[in-house]
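Report on one structure; see the data block that follows.
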Amino acid sequence: MKYPFIFICFFTLLVINLSSCKKNENNLQQSGDKIEIYLLQDFAMIKGKCKIDNSTIILKSNELISNDDILHYKLSDHTMLLTNAAIEKIRNVGDNIPFCLTVDRAIVYSGFFKPGYSSLSCDHSITIDPWSYQLNEININLGYPSSIYLMNFAGDDPRENKLLIEALRKQGKLR
């Protein structure tokens, strides 16, 4: 009589344990591919250009925009939909403040926050206007002012980095 009771208790506990296991809703823990935007602690510029030498970048310890703050990314026009909290964070960033977009803390590209009121052009870097957004979508531009430099941007477009695109795709954030 003792053994059936122990068996029933063991079986009940096993069923409860298995049914209470949560599916990991954040697949990032398994696959990596965390996309984040950091401000920079230290960096050097490439001589004669408005461009950061990525090999010199030291990231601040905490991200400005976390992976969870990025809701989706439209590849067609390089806009990123952010949470309200993320928009509030970037609103407080000033002119010509350097940033870096990373995937699992590996640098994908660097650039500058360039509000529309800035009088300084920047024709060799990615730029984000922290005040130019609609419905929490920010534009990630080639140069500043982007309308002038879009056709003349030198080099590959780092916004279409394969590591970044694959991370967005894995997360279901690519539009």
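Being more than 13 Å from residue 35 (Cβ to Cβ), in contact with a Leu (Cβ under 8 Å, 6 or more places away or on another chain) and either small (Gly, Ala, Ser) or surrounded by 14 or more Cβ atoms within 10 Å (Cβ to Cβ) (or both) is the requirement here; does residue 118 meet it? When the stated conditions are applied, residue 118 does not pass them.
Among the residues making up the range 59-79, those that are of a type outside the set (S, T, N, Q), surrounded by 17 or more Cβ atoms within 10 Å (Cβ to Cβ) and in contact with a helix residue (DSSP H, G or I) (Cβ under 8 Å, 6 or more places away or on another chain) are 64, 65, 69, 70, 73, 78. Here is the figure for the range 73-94: residues that are outside any strand (DSSP E or B) and modelled with pLDDT of 90 or more total 13. Quick check on my filter: what residues within the range 80-99 are closer than 22 Å to residue 50 by Cα and either in contact with a Gly (Cβ under 9 Å, 6 or more places away or on another chain) or of a type in the set (Gly, Ala, Ser) (or both)? If the condition is that a residue be closer than 22 Å to residue 50 by Cα and either in contact with a Gly (Cβ under 9 Å, 6 or more places away or on another chain) or of a type in the set (Gly, Ala, Ser) (or both), then 94, 98, 99 are the ones that fit.
Quick grid of which residues meet (1) touching a Phe, Trp or Tyr at 6+ places or on another chain (Cβ under 9 Å); (2) surrounded by 15 or more Cβ atoms within 10 Å (Cβ to Cβ); (3) farther than 28 Å from residue 169 by Cβ; (4) among the small types (Gly, Ala, Ser):
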| residue | (1), (2), (3), (4) |
| --- | --- |
| 50 | yes, yes, yes, no |
| 57 | yes, yes, no, no |
| 85 | no, no, no, yes |
| 92 | no, no, yes, no |
| 108 | no, yes, no, no |
| 112 | yes, yes, no, no |
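The values are calculated or read from the model by the stated rules, or taken from the named source; none is laboratory data. Just so it is clear, the structure is predicted and the values come from calculations on it, not from any experiment. Neighbour counts are summed over all protein chains in view; Cβ atoms, including those assigned to glycine, are modelled from backbone coordinates with ideal geometry.
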